[in-house]
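Input: a single structure, listed below in structure tokens.
Rule-based calculations on the coordinates, nothing more; no lab input. Please read all numbers here as calculations on a predicted model, not as lab measurements. So basically every Cβ, Gly included, is an ideal-geometry build from the backbone, and we count neighbours across all protein chains shown.
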Amino acid sequence: MNRRQILSTIPAAFAVAGASSSLNAQQPTENTLGLTRFDHMSVNVSDFDEAVEWYSTMLGLEVEVSWKVSALAGKQLAYLTLNGTRVLEIVAADPNGTGLRRASTFGQHFGRTGYGHLCFATDSVDDTMAALEARGITAFVQAETYPLDGTELQRRVAFISDPEGNVIEFGEPLKKG
């Protein structure tokens with residue numbers, strides 16, 4: 001099995017992480033778990049309706065399905081899609097739920113444990129950020145191109161927060177520096 005076949009058996013989130021040397025040293029030889037693809041990431045929110053509206057209006061995600069779980073006292077959930085692919089599950093948090101402390105800098109964001117961020121690919125971070133700024137959304141990490149130290153690659157990214165403080169990254173494809 002060649003490297004391309006191996007990577008195609010791992011969820012997309014793990015394939016990106018595969019650039020790290022520790023994962024390269026332990027690449028699986030076959031998919032023994034039956035994994036087929038990445039499905040979604042879940043975000044717990046204090047205001048379900050506001051979150052679904054924000055992700056729909058501001059980022060253009062579409063609601064695939066929204067439902068309530070009677071076994072969990074009617075907890076609301078929704079799957080959101082991008083270009084027909086499910087990417088996000090919005091979950092109504094418990095009223096007394098606690099969240100991550102809000103990050104206002106790149107360092108604070110990467111200094112936390114737990115949920116990191118959701119990333120959307122874009123051909124132009126600058127165009128995406130201009131469109132978001134026109135909608136009143138400002139970056140807490142402005143668009144920046146940074147090198148992937150130890151490689152010949154670089155990437156341009158920017159970060160915003162949703163109304164709950166969840167971090168969202170926009171990233172261009174990797175490029176040679």
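Key figures
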read-out: Label-reachable residues, the range 78-121, where backbone N falls under 11 Å from a point 7 Å from V69's Cα toward its Cβ; value: 78, 91-94
read-out: Where trypsin sites (Lys or Arg not before Pro) fall in DSSP loop in the range 24-105, at most 12 other Cβ within 10 Å; value: R37, R101
read-out: Value of relative contact order over the range 37-177, rounded to a whole percent, pairs C-alpha under 8 Å and six or more apart; value: 21
read-out: Theoretical gain in end-to-end length, E152 to A134 [0.36 nm per residue, Cα-Cα removed]; value: 3.1 nm
read-out: Percent of beta bridges antiparallel (DSSP, the range 31-101, rounded to nearest 5); value: 70
read-out: Charge dipole (debye, nearest 20) of the range 50-177; +1 at Cβ of Lys and Arg, -1 at Cβ of Asp and Glu; value: 320
read-out: Assigned charges on the beta-carbon of Lys, Arg, Asp, Glu; the range 130-170 dipole about Cα centre (debye); value: 140
read-out: Cα Rg, Dmax, the range 36-120, angstrom units; value: 13.8, 40
read-out: Of G150, G177, A130, farthest towards positive along the dipole that unit charges on Lys, Arg, Asp, Glu beta carbons give the range 86-177; value: G150
read-out: Gain upon complete extension [R101, D39; 0.36 nm per residue less C-alpha separation]; value: 19.7 nm
